[in-house]
Amino acid sequence: MSLSPDDVKRIARLARIEIDDAQSQATQGQLNTIFDLIATMQAVDTRGIAPMAHAQEVYQRLREDAVTESDRHAAFQAIAPAVENGLYLVPKVIE
């Protein structure tokens, strides 16, 4: 796929970008290069190749999932101004 100068100007107008003829031709060349690269990549046979999450084989170090804090729920609710059924009550803001 290649873009014409009119296509580039239409895209610029839709994007609310003001460009002159010189910028339009430069942008046309850059966009056409990108579209050529995309066409080249789409032509490659990728059947049988598993998708990758990252370009390198990297692994995230995981830590043991263990509780490190004590349950202080009751202590926090004891100092709250208003609590009901384990929930904090707040004043109504919107009428």
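So the values come out like this:
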{"item": "Within the chain, longest stretch clear of exposed trypsin sites (Lys or Arg not before Pro) (DSSP loop, no more than 16 other Cβ within 10 Å)", "result": "17-46"}
{"item": "Ranking of F35, F76 by count of other Cβ atoms within 10 Å, fewest first", "result": "F76, F35"}
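Only the coordinates and a few stated rules stand behind these numbers; no lab work does. Fair warning: this is a prediction, and the values are worked out from it, not measured in the lab. Note: ideal-geometry Cβ built from the backbone for every residue, glycine included; neighbour counts use all protein chains shown.
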